[in-house]
Every structure is written in C-alpha cells, then in structure tokens.
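Student: The structure's right below; bear with me while I get my questions together.
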Amino acid sequence: EAILPENLHFATTDEMIEKYPTATPKERENILCKEHGAVFLIGIGGLKPDGTLRHDGRAPDYDDWITQRPDGGYGINGDLLVWNPILEMSFELSSMGIRVNPETLTRQLEICKCNERKEYVWHQMLLDGTLPQTIGGGIGQSRLSQFMLRCAHIGEVQHGWYNPEEVALLKENNIRLLGLGEFEEDPMAKSLHKAAEPSS
C-alpha cells in the first residue's frame, strides 16, 4: 500500500510559527506531515525575535539560515520530511540548502558564539576564498531504508551500539537489531562466518 503522496508540499517555518505559535517545532512538523504526507520545510535554524530557536538547531558552518528570502522569511535551506505511519510522527529524510559563504559563515559563528572555528582548516579555506560557495544536501540512506522497509528502529537496517535496556525493550516488541548476531539474516550471525571460525 502506497504511503507517500503524489505531490510534495512546500511550507516555511515562519508561516508554521504564525499558524501554530504555541506548538513546539516537532509538533509543527507532525501537524504538517500528517496533513500532507511529504513536505519540504524551508527555513531551518536561526532565532526568533525573542531569542528562542525558530525551528530546530542548525550548525553555523553548514548552510545559510540567516539570509532573508523574497517571501520575507529567513533561511535558504530546508528539510525533506515525511509522515511515518509506523512511528506516527514526522520523519526527516534529508537536509539541504545553500551552503555558507564567508559573510554568512562569519555572522552565524558570531550568533552561535563559535568564533574559534575560524581557526579550523576548512573554515579558513572558505573565508579566504580558496573554497567556492556551494549548494547541496544528502539523503540519509539508513533513514530512507528504515522508512521504505517500514521498520520501527534504525537498528533494523544498520549496525550500531544501543543501550542494553533499549535492546531488551525492542526485543519484547519483536524488533530485531542488526549487529547483535542473534538471528540468521544478521550479517554478524556466526552461521554466515563459518569459514572464518578456527578449525578444531
């Protein structure tokens, strides 16, 4: 059964704050994604006039969240979100945007009180013009796999370390994590590595 809509809905964090001023950023994402199924939410990071986060945090040296757009809002970046019917919440698949240039990097480092990062090699190369400004984004492959396979936990599609208490709770709900070697299909299962076992 298809769970994604045919069309992607575009929205801005500014209009969502205006529409739902008392909701948290996550609550606004949930409202939006539950209604539309798939959303590109524009304007992630930055502060509201009262000094609180406009919508979620964003690294000061990643993309541009301070430039004003033609619609009057701020931030030339965004997140690709979908409604996850398994978790019953919004689910981020990608973040993207116009990357920082020397001016926006400098300003955003100041806002976040991270000026010491100007001494890092990458930051210096951007600030002195060695590196060009870029645009880009990335798809979270594991998150996409989790969504498309309708898994409840990312550990079902990638290896990782998990809190033993969390693992026990997941097992109670029949959720099997990769990397523990506890079931036949797991790449870490001993049955798949017999050739590597020492001979008796």
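The values are calculated or read from the model by the stated rules, or taken from the named source; none is laboratory data. Since we're looking at a predicted model, the values are computed, not measured. Neighbour counts are summed over all protein chains in view; Cβ atoms, including those assigned to glycine, are modelled from backbone coordinates with ideal geometry. All accessible areas refer to the heavy atoms of the entire protein, side chains included, with ligands and DNA or RNA removed. Shrake-Rupley method; radii C 1.70, N 1.55, O 1.52, S 1.80 Å.
Student: Identify, please: which residue in the stretch 2-30 is hydrophobic (A, V, I, L, M, F, W, C) and surrounded by 15 or more Cβ atoms within 10 Å (Cβ to Cβ) and is, among those, nearest to ASP79 (Cα to Cα)? If you could, list the steps in order and put the result at the bottom.
Tutor: Filtering the stretch 2-30 for residues hydrophobic (A, V, I, L, M, F, W, C) gives 2-4, 8, 10-11, 16-17, 23.
Of the ones still in play, those that are also surrounded by 15 or more Cβ atoms within 10 Å (Cβ to Cβ) are 11, 16-17.
Numbers: ALA11: 10, MET16: 14, ILE17: 16 Å.
The selected residue is ALA11.
Student: Which one of LEU87, LEU81 is within 28 Å of THR134 (Cβ to Cβ) and among the hydrophobic types (A, V, I, L, M, F, W, C)?
Tutor: Values: LEU87 fails: within 28 Å of THR134 (Cβ to Cβ).
Matching residue, one of LEU87, LEU81: LEU81.
Student: Taking the stretch 48-73 as the search range and keeping residues that are under 18 Å from ASN101 (Cβ atoms) and acidic (Asp, Glu), which one is most open to solvent (accessible area, probe 1.4 Å)? Spell out how you get there, then give the answer.
Tutor: Filtering the stretch 48-73 down to residues under 18 Å from ASN101 (Cβ atoms) leaves 58-69.
Retained after the next criterion (residues that are acidic (Asp, Glu)): 61, 63-64.
Numbers: ASP61: 32, ASP63: 0, ASP64: 5 Å².
Among them, the one singled out is ASP61.
Student: For the stretch 31-42, what are the residues that are among the hydrophobic types (A, V, I, L, M, F, W, C) and open to solvent by less than 50 Å² (accessible area, probe 1.4 Å)? Walk me through it before giving the result.
Tutor: Pass one, the stretch 31-42, residues among the hydrophobic types (A, V, I, L, M, F, W, C): 31-33, 38-42.
Passing the criteria: LEU32, CYS33, ALA38, VAL39, PHE40, LEU41, ILE42.
Student: Would it be correct to say that GLU116 is open to solvent by 10 Å² or more (accessible area, probe 1.4 Å), at positive phi, modelled with pLDDT of 95 or more and not basic (Lys, Arg)? Spell out how you get there, then give the answer.
Tutor: Working: open to solvent by 10 Å² or more (accessible area, probe 1.4 Å): yes; at positive phi: no; modelled with pLDDT of 95 or more: yes; not basic (Lys, Arg): yes.
The answer is no for GLU116.
Student: On to the next question. When the residues of the stretch 109-128 are filtered to those that are in contact with a helix residue (DSSP H, G or I) (Cβ under 9 Å, 6 or more places away or on another chain) and not in a helix (DSSP H, G or I), which remaining residue is nearest to GLY46 (Cα to Cα)? Give the derivation first.
Tutor: The initial filter retains those residues of the stretch 109-128 that are in contact with a helix residue (DSSP H, G or I) (Cβ under 9 Å, 6 or more places away or on another chain), namely 109, 114-118, 123-124, 126-128.
Keeping just the survivors that are not in a helix (DSSP H, G or I) gives 114, 128.
On the way: CYS114: 14, ASP128: 25 Å.
The extreme case among them is CYS114.
Student: Hey, can you tell me all the residues within the stretch 76-108 that are of a type in the set (A, V, I, L, M) and either buried (at least 19 other Cβ atoms within 10 Å of the Cβ) or under 12 Å from PHE40 (Cβ atoms) (or both)? First the steps, then the outcome.
Tutor: To start, the set of residues in the stretch 76-108 that are of a type in the set (A, V, I, L, M) comprises 76, 80-82, 86-87, 89, 93, 96, 98, 100, 105.
Answer for the stretch 76-108, where residues must be of a type in the set (A, V, I, L, M) and either buried (at least 19 other Cβ atoms within 10 Å of the Cβ) or under 12 Å from PHE40 (Cβ atoms) (or both): ILE76, LEU80, LEU81, VAL82, LEU93, MET96, VAL100, LEU105.
Student: With the checklist (1) assigned to a loop (DSSP other than H, G, I, E, B); (2) in contact (Cβ under 8 Å) with a residue 40 or more places away in the chain; (3) buried (at least 17 other Cβ atoms within 10 Å of the Cβ) in hand, flag the one item GLY45 doesn't pass.
Tutor: Looking at each condition in turn, GLY45 falls short on (2).
Rundown of residues vs (1) at pLDDT 90 or above; (2) of a type in the set (Ser, Thr, Tyr); (3) in contact with a Ser or Thr (Cβ under 6 Å, 6 or more places away or on another chain); (4) within 26 Å of ASP79 (Cβ to Cβ), yes/no style:
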position: LEU127; (1), (2), (3), (4): yes, no, no, no
position: PHE147; (1), (2), (3), (4): yes, no, no, yes
position: GLU156; (1), (2), (3), (4): yes, no, no, yes
position: HIS159; (1), (2), (3), (4): no, no, no, yes
position: TYR162; (1), (2), (3), (4): no, yes, no, yes
position: VAL167; (1), (2), (3), (4): no, no, no, no
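Student: Name every residue in the stretch 90-103 that is free of Cβ contacts under 8 Å to residues at least 60 places away in the same chain and assigned to a strand (DSSP E or B), in order of residue number. Walk me through how you get there before you give the answer.
Tutor: First pass over the stretch 90-103, keeping only residues free of Cβ contacts under 8 Å to residues at least 60 places away in the same chain: 91-103.
Residues satisfying the conditions are PHE91, GLU92, LEU93, SER94, SER95, MET96, GLY97, ILE98, ARG99.
Student: Here is a further query. Hey, can you tell me all the residues within the stretch 129-184 that are touching a strand residue (DSSP E or B) at 6+ places or on another chain (Cβ under 7 Å), assigned to a helix (DSSP H, G or I) and open to solvent by 30 Å² or more (accessible area, probe 1.4 Å)?
Tutor: Applying the first criterion (touching a strand residue (DSSP E or B) at 6+ places or on another chain (Cβ under 7 Å)) to the stretch 129-184 yields 133-140, 143-144, 147.
Keeping just the survivors that are assigned to a helix (DSSP H, G or I) gives 143-144, 147.
Selection gives ARG143, LEU144.
Student: Can you name the residue in the stretch 1-30 that is of a type in the set (A, V, I, L, M) and without any contact (Cβ under 8 Å) to a residue 12 or more places away in the chain and is also nearest to ARG150 (Cα to Cα) among such residues? Write out each step before concluding.
Tutor: Going residue by residue through the stretch 1-30, those that are of a type in the set (A, V, I, L, M) are 2-4, 8, 11, 16-17, 23.
From what's left, without any contact (Cβ under 8 Å) to a residue 12 or more places away in the chain: 2, 23.
Working: ALA2: 12, ALA23: 27 Å.
The qualifying residue nearest to ARG150 (Cα to Cα) is ALA2.
Student: Quick check on LEU81: is it modelled with pLDDT of 95 or more and within 16 Å of the chain's Cα centre (by Cα)?
Tutor: Judged against the criteria, LEU81 is a match.
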